[in-house]
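Step one of this worksheet: look at the structure below.
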Amino acid sequence: MGSSQQGGSFGDPQQISSDNVKGLCLALSSSLFIGSSFIIKKKGLQKAGASGLRAGAGGYSYLVEPLWWAGMITMVVGEIANFAAYAFAPAVLVTPLGALIIYYFCSAVLAHMILGEKLHIFGIVGCVLCVVGSTTIVLHAPQERQIESVKELWDLATEPAFLLYATLVIVAVVIIIVQYAPKYGQTHIITYVGVCSLVGSIGVMSVQALGIALKLTFSGTNQLLYPQTWVFAVVVVTCVFTQMNYLNKALDTFNTAVVSPIYYVMFTSLTILASVIMFKDWNGQTATQIITELCGFVTILSGTFLLHKTKDLVEVSSPSAFMRYPKYDEGGCSNQEGIPLKHRESMR
């Protein structure tokens, strides 16, 4: 088994982890690319919608729009960097930081600068809280466990504690998909988002294991010869496709502004829990360091809440007054995205 992980933080010069620094840089660059890709793709969709059938109305004119493809390429680059980040840093560091900046901070700031979407003063406070929380987590993140072989990763994944967690996740997902999704999927957002978050927590563990195996391979120790590497790869593919399927269902049925924060909170929380169980990220850390990391996470959640509660607010003439803009589609019609699909159909 690899050497035991030592508790440490970036605040302690004696225990700075170069791998954590690499993982942090990759996570930040990934967030910048993916956050930018959202804006570039949106510009491409707007441009394509002006000359053809909008994507929201079932059109595919964006497929011949170069700007949309530029956004897709930017996203692919970001996802590659995000994958590599898990090979160097623990999920406790990469997941909350990467997901936060991708979905909220980058999107909010870039949308304000490039798309001209207004960012309310409370939104700015939300961004600041997100940065403070992220910094707190970075400064107290545990160091990555030193792994010498994919067999060590397999041993970690097959320990009783993680097997119990994985079994509970699989059972819960099957029950939700078979019993609850057909009945409540269109009216209860937690149904689809719950499947995405539960499956995603297992997927991230497999991504991290596969990333470490590839890092070892590129450093001269070929891990592709071990069947465990390919098992992790199969789990990654299965989890990714399941997540994509049910996340698309959630986004198609409910308001994106509602789906995103709930998904972020559930996915990040479950991923941190899975990482703590499998990789024992908190072993060797003091209670103070662990509590500080949790406080950083709560600070991020507070900033996320502010960003989403004020995303449609704009200041009016009175300094203390504000109003909420209604959402409209490009054709000038009221957007009923916030209403569950079944309720929308009953209103027609």
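Rounded to whole Hz and in sequence order, give me ³J(HN,Hα) for the stretch 266-271 from the Karplus expression 6.51 cos²θ - 1.76 cosθ + 1.60, θ = phi - 60°, writing x for Gly and Pro.
5, 5, 5, 4, 5, 5
Show the residues, 5+ positions off or on another chain, whose built amide H is closer than 5 Å to the amide H of residue 280.
The answer is none.
Tell me the carbon and sulfur percent of the accessible area for the stretch 192-294, rounded to whole percent, probe radius 1.4 Å.
Answer for the stretch 192-294 is 73 percent, counting heavy atoms of protein chains only.
Can you order the peptides 171-181, 78-88, 289-299, 233-243 by their average number of other Cβ atoms within 10 Å per residue, highest first?
78-88, 289-299, 233-243, 171-181
The values are calculated or read from the model by the stated rules, or taken from the named source; none is laboratory data. Since the model is a prediction, treat every value here as computed from it, not as a measurement. When we count neighbours, we look across all protein chains shown, and the Cβ atoms used for this are built from the backbone with ideal geometry, even at glycine. Heavy atoms of the whole protein, side chains included, go into the accessibility calculation; ligands, DNA and RNA do not. Shrake-Rupley method; radii C 1.70, N 1.55, O 1.52, S 1.80 Å.
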